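A short write-up of the structure that comes next.
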Amino acid sequence: MTAEVLLVHGAWHGGWCFDQVVALLTAAGVPVIAPDLPGHGGDPEPFTDLHGDAERVTAFLDQMSEVVLLGHSYGGAVITEAGVHPAVRHLVYLSALALDHGETCSAAAVEESTGISHHGRPNLSKSMLIHDDNLSTLLPDAADCLYQDCSAADITWAMARLGPQPMLNLSQEPRAVAWRAKPSTYVVCMADQTIHPDLQRILARRCTTSQEWTTGHSPFLSRPEQVRDLLVSLV
């Protein structure tokens, strides 16, 4: 039986970021959805916290029977909680935060990652504005972290669609840890300027298998065919 694919976007993004991957999977005959988390993309609902985002994914999983569930970046924290759903057959962490019990997005694998050097790397936090309502937005130079290996057209397209992100979500712990119970694949993006590749390698050790790609943080834009091929192999 061919599984369906559910794609979960990261912070500041919406389901729109997977448009190229969705088109490629659809052309390959793979059923796929890329929903917006609450308040993101075109979703009219209020923002929620990490648990509310996981509940949104769970609501889609309730309507599905066998799923390959992918999370990108912050979306990894969401699928870590939601991925214990019985419909999930395989988890994919795409440069994502595969959190453990007691961890948050802002403090993942702290003990293991203390020796990682960030010298000479761009810092996404310097491109972030945190507002009085505890929502954050990104300045234009965030593209250097998020999309440095993407085409100019794709960078312009994506930057125009980025929206606010609640900071609360990045400081919450998952209520469940799906990778402890489900088969999983971690994709380390070796040129990533947002999540350090060495931290990704630490998180990848938690998963069943891992791969290393020569991409930046957003391969759904820079290498959508590579994302498609991985997902086709898993469904």
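Going by what's in this entry, would ALA98 be described as buried (at least 23 other Cβ atoms within 10 Å of the Cβ), in contact with a Phe, Trp or Tyr (Cβ under 7 Å, 6 or more places away or on another chain) and not hydroxyl-bearing (Ser, Thr, Tyr)? Yes; evaluated as a whole, the condition is true for this residue. Any residue at all in the range 136-149 that is polar (S, T, N, Q) and either under 14 Å from ALA96 (Cβ atoms) or without any contact (Cβ under 8 Å) to a residue 12 or more places away in the chain (or both)? Within the range 136-149, none of the residues are polar (S, T, N, Q) and either under 14 Å from ALA96 (Cβ atoms) or without any contact (Cβ under 8 Å) to a residue 12 or more places away in the chain (or both). All conditions in (1) at pLDDT below 95; (2) crowded, with 20+ Cβ neighbours inside 10 Å hold for VAL57, with the sole exception of (1). Here ALA181 fulfils each of the conditions (1) touching a residue at least 24 places away in the same chain (Cβ under 8 Å); (2) over 27 Å from LEU69 (Cα atoms) apart from (2).
Being among the hydrophobic types (A, V, I, L, M, F, W, C) and closer than 15 Å to GLY76 by Cα is the filter here, so list the residues in the range 190-219 that pass it. Result: ILE195, LEU199, ILE202, LEU203, ALA204, CYS207. Please state which one of VAL188, VAL227 is crowded, with 20+ Cβ neighbours inside 10 Å and more than 19 Å from PRO122 (Cα to Cα). After ruling out the rest, the residue left standing is VAL227.
Answer with yes or no whether LEU139 is surrounded by fewer than 18 Cβ atoms within 10 Å (Cβ to Cβ), within 19 Å of ASP36 (Cα to Cα) and among the aliphatic types (A, V, I, L, M). So LEU139 fails the test.
Filtered by the rule that a residue be assigned to a helix (DSSP H, G or I) and either over 14 Å from the mean Cα position of the chain (by Cα) or of a type outside the set (A, V, I, L, M, F, W, C) (or both), the range 183-203 gives PRO197, ASP198, LEU199, GLN200, ARG201, ILE202.
Could you say which residue among LEU37, LEU24 is over 14 Å from the mean Cα position of the chain (by Cα), on the phi < 0 side of the Ramachandran plot and surrounded by 17 or more Cβ atoms within 10 Å (Cβ to Cβ)? Criteria check complete, one pass: LEU24.
The values are calculated or read from the model by the stated rules, or taken from the named source; none is laboratory data. Here the structure is a predicted model, which means the values were calculated and not measured. Virtual Cβ from ideal backbone geometry, glycine too; neighbours counted across all protein chains shown.
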